[in-house]
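Peer 1: Starting off with a structure, shown below.
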Amino acid sequence: MKHAWISLVALFVISSSTGAVFAQTAFPMLMSLKPVAVQIGTTSEVTVNSRYSMHSAESVLVTGGGVLAEVVPPEVKKDDKAPNVVALKIKVSVAADAMPGVRDLRIVTAQGVSTVAQLVVVEDPVIVEQAKNDSLAEAQVITLPATVCGCIEKAEDLDYFKFKIEAPTSLVFHVRSQRLQDRIHDLQAHSDPILTIRNAQGSTIAAADNVFHGDPFLCHRFEQPGEYFLEIRDVRYTGNQYWEYAVEIHSRPFVRSVFPLAITAGKETKLSPIGCQLPASGAGLPPTLEVTLPAGHVENLPHGINRLRLPFADRPSNPVATYITALPTITETTENNNEAAATLNHQPSTINLPCVINGRIDAPGDVDCYVFEAKKDDKLSFEVKARRLQSELDSTIRVLNATGATIAENDDLRVGKRGSQDSWIESLTIPADGKYVLEIRDMHLRGGENFMYAIEVTQARPYFNLFADTDKTNLSPGVNGIMWVKVERKNGFTGAVQLHVDGLPAGVTAECGRILPDKGTDGCIVFKATPEAGRAVSPLVIRGTGVHAQADGQMVELSALATTYQEMYQPGGGRGHWPVDQHVLAVIPPHDIRGIKLSATDITLKPGESKTIDVTIDRAPDFKANVSLDVTMTHLALFADTLPPGVTVEGNKSKTLLSNGATQGTITLTAAKTAAPIERQLIGLTANISLNFVVKTTFAAEPVFVTVSVP
């Protein structure tokens, strides 16, 4: 998902350090921010909490424009050579025109770039929870509007805030907590907050639980002036010191979504906001507001899912998700389109392809049907965009022929490592010329105002997706860094993919590998820093190119940007992934491993032949921990393998575990007798240090090329 407010182009040059040695250390793993929100147009202090020390913190990276942050140097004892700074203060300055919403935040240290934390940019003053507010009698007094920040830090923790209503009014209570924890690397259990509003006597007058995933949202009309209480807790009465929350409380309009969801770029569009306290709505009445977006309103935004602020008369709305497309959009008519058989003979329901259909499941049990004509062997794709755009719809779609028989159906989709409750029928081969029906409904037969959808209907085209694992690369002169890239090929594309990288800082070069054709291999990129690189950090853009041969012999060039995944420590000790906004490369001082020397970097194997690479590592003084050598990315399971098909590591002929300070190891590669010829496939030879059961710090050797010769 691409957001209009995320900037991928930034370069920070960090002042040169003294070249200090940080042996047996790990990059920081950020756990929480206190408070987790900052107000637009202000400068404030935030405490970053982490696993592993941030004592050498130098700078702060925040995605998106309008937010700058700097490290407040921590106080440490002069004789403490390795202070354990797991709570670090930073100063965050937010511009007056910054976009509200959630940003990725990282700390750059001499040990490397940290994992991601989440920072919320809000419009109202931030009020931080006091130490003692666990009962109605101890409720913290707050003045509205405000964003209340706190933490459900222990079991049975209840936080109370008292506020006063002077006259009848409606208030929005928007909680962010569980959603802020998806990208936290080592937070295996997530909060499940529930919000309750109580009157002066302590009686419940309103409550909300799961609205935005596990987070509550409430819009409540207060008819009686007086004192009221806000209560927030975990619905299971559990807690965690890192379960931060931010509750935005205000009387402004709140737009949850819009109809239609899809906007054709360069075309004037009228949108009807869906939410509460909208300018044209009264108490208990549905909204009647329409907002016109001029043709040029979205011209500078990338096609895809973006966040827009609607131009209300007095001030822009909160950011709302929309889908921007180059395709023509059509909107469901008021004609009855609930039954496939009746729709087949009803002219207004016929759609022309390609297009994006904007519609809504208006009521429980509603089914929407659209007729299209197709030719035998046409390959069509039908992708629903609804839940990803804050719709409540849990879609299911199917395609029926003229007799009413189902020829394809789908419930949930999956892209890369993550799934969605949206639906997707991809590359459906049409069996015969004729009319067909596209049907959509809610999986649970629900419906209502916020059950909108946009269905992109196109001719299936060959393409590929790329996924970078992981989200950060740390290297220093003498020790290289590495990134692994996987491909997901679609709709007949089977070709090779050449990798590329943009945004390298001065003094850093990259050897970009390729992903071999068919089911082949994964790819890697090896980064090298010269001594002139200094201390630099830069977000990178990873992309790939390929060529597809069409049936008519025409060659089509394909390209894709890589989605960056941060590794996650899953419950039970597994390794999972979550997409983040940037891959960040940092040049850091010498680390636990100072160098990796290889006896050979260009290996040619005949089918059936084995060859051994001697590996010598240069350890930092006093660094005696185990080091494991590898040419694949293996963390309890195999995640990436750049070896040519038929080439394997001979474990019983290799020495890959270097323990008790050992510096000599070997990697033996063997080509199967049936191995196909391949020329100079880039592989990554790495030395890895385990930080915990799942996570490793990885150092790369010089690029290694493997050739399998012709028999």
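No lab work stands behind these numbers, since they all come straight from the coordinates. What you see is a predicted model, and the numbers here were worked out from it, not measured in a lab. We place every Cβ from the backbone using ideal geometry, glycine too, and count neighbours over all the protein chains shown.
Peer 1: Multiply the residue separation of residue 494 and residue 68 by 0.36 nm, subtract the distance between their alpha-carbon atoms, and state the gained length in nm to one decimal. Mind showing how you got there, number by number?
Peer 2: Details: separation 426, 0.36 × 426 = 153.36 nm, distance 4.36 nm.
149.0 nm is the gain from fully extending residue 494 to residue 68.
Peer 1: Within 12 Å, Cβ to Cβ, of residue 696, how many net charges do the neighbouring residues add up to if Lys/Arg are +1 and Asp/Glu are -1?
Peer 2: -2
Peer 1: Semi-axes of the equivalent ellipsoid of the range 329-460: what are they in whole Å, largest first, if each equals the square root of 5 times a C-alpha gyration tensor eigenvalue?
Peer 2: Taking √(5λ) for each eigenvalue gives 21, 18, 12 Å, largest first.
Peer 1: Right, something else. Among the aspartates and glutamates, which fall within straight-line cross-link reach of residue 655, defined as a Cα-Cα distance under 14 Å, with same-chain neighbours fewer than 8 residues apart omitted?
Peer 2: 614, 630
Peer 1: Still on this structure, I have one more. Defining a contact as two alpha carbons under 8 Å apart and six or more residues distant in sequence, what relative contact order in percent does the range 329-460 show?
Peer 2: It rounds to 38 percent for the range 329-460.
Peer 1: Same structure, new question: Name every cysteine in the chain that ends up alone, with no second cysteine's Cβ under 4.7 Å, or say none.
Peer 2: 149, 151, 355, 369, 512, 524 - these cysteines have no disulfide-compatible partner (Cβ-Cβ under 4.7 Å) in the chain.
Peer 1: Which order do the peptides 506-513, 102-109, 659-666, 674-681 take when ranked by the mean count of other beta-carbon atoms within 10 Å per residue, highest first?
Peer 2: Ranking, from highest mean packing down: 102-109, 506-513, 674-681, 659-666.
Peer 1: For the range 434-530, what is the charge dipole size about the Cα centre, in debye to the nearest 20, if Lys and Arg each add +1 at the Cβ and Asp and Glu each add -1 at the Cβ?
Peer 2: The dipole of the range 434-530 has a size of about 240 debye.
Peer 1: For percent of Cα pairs over 52 Å apart, which listed value, (i) 28; (ii) 17; (iii) 9, comes from the coordinates shown?
Peer 2: After the calculation, the listed value that fits is (ii).
Peer 1: Taking the alpha-carbon distance from residue 653 and a cut-off under 16 Å, which lysines remain once sequence neighbours fewer than 8 residues away in the same chain are dropped?
Peer 2: The reachable lysines, counting only those whose Cα sits under 16 Å from residue 653, are 611.
Peer 1: Once Lys and Arg get +1 and Asp and Glu get -1 on their Cβ, which of 260, 165, 247 lies farthest toward the positive end of the dipole of the range 148-263?
Peer 2: So the residue we want is 260.
Peer 1: Is the shape of the range 464-708 best called rounded, prolate or oblate, per the rule: a/c under 1.5 gives rounded, else a/b larger than b/c gives prolate, else oblate, with a ≥ b ≥ c the square roots of the Cα gyration tensor eigenvalues?
Peer 2: oblate
Peer 1: Oh, and also: Sort 246-254, 153-161, 472-480, 409-417 for me by packing, meaning the mean count of neighbouring Cβ atoms within 10 Å per residue, highest on top.
Peer 2: The peptides rank, most packed first, as 472-480, 246-254, 153-161, 409-417.
Peer 1: Based on the mean of other Cβ atoms within 10 Å per residue, sort peptides 36-43, 430-437 so the most packed one is first.
Peer 2: 36-43, 430-437
Peer 1: Rounded to whole Å, give me the distance from the Cα center of the range 160-229 to that of the range 86-136.
Peer 2: After rounding, the separation between the Cα centres reads 20 Å.
Peer 1: Mind putting a number on the dipole of the range 620-711 about its Cα centre? Charges go on the C-beta only, +1 for Lys and Arg and -1 for Asp and Glu, and I need it in Debye to the nearest 20. Provide the component values of the computation, followed by the final result.
Peer 2: Numbers: 6 positive and 6 negative charges, 33 e Å.
Computed charge dipole of the range 620-711: roughly 160 debye.
Peer 1: Can you put 609, 332 in order, fewest other beta carbons within 10 Å first?
Peer 2: Final ranking by Cβ density, sparse to dense: 609, 332.
Peer 1: Percent relative contact order of the range 150-250, based on C-alpha pairs within less than 8 angstrom and at least six residues apart?
Peer 2: The value is 49 percent.
Peer 1: Still on this structure, I have one more. Given the -39500 (n - 2.57) contribution per DSSP H run of 4+ residues, what per-residue ellipticity at 222 nm results for the chain, rounded to the nearest 500 deg cm²/dmol? List each step's numbers first, then the result.
Peer 2: On the way: 1 runs with 5 residues, N = 711.
The helix contribution divided over the chain gives 0 deg cm²/dmol.
Peer 1: Given a Förster radius of 22 Å and the C-beta distance between residue 610 and residue 518 as r, what FRET efficiency does 1/(1 + (r/R0)^6) yield to the nearest 0.05?
Peer 2: 0.30
Peer 1: Using Cα positions and a limit of under 16 Å, work out the aspartates and glutamates in reach of residue 624, with same-chain residues fewer than 8 apart set aside.
Peer 2: Output for residue 624: 592.
Peer 1: Listed here are the pairs 417/472; 379/472; 379/417; 376/486; 528/696; which of them are more than 28 Å apart at the Cα? Write down the numbers at each step before the final one.
Peer 2: Working: 417/472 18 Å; 379/472 39 Å; 379/417 25 Å; 376/486 34 Å; 528/696 20 Å.
With Cα atoms farther than 28 Å apart: 379/472; 376/486.
Peer 1: Can you give the relative contact order of the range 610-675 as a percent, counting alpha carbon pairs under 8 Å and 6+ residues apart?
Peer 2: 46 percent
Peer 1: Evaluate the charge dipole of the range 150-250 about its Cα centre and quote only its size in Debye, nearest 20, assuming +1 on the Cβ of each Lys and Arg and -1 on the Cβ of each Asp and Glu.
Peer 2: For this selection, approximately 180 debye.
Peer 1: Between 530, 565, 327, whose Cα lies farthest towards the positive end of the dipole of the chain when Lys and Arg beta carbons carry +1 and Asp and Glu beta carbons carry -1, centred on the Cα centre?
Peer 2: Of the candidates, 530 comes out farthest on the positive side.
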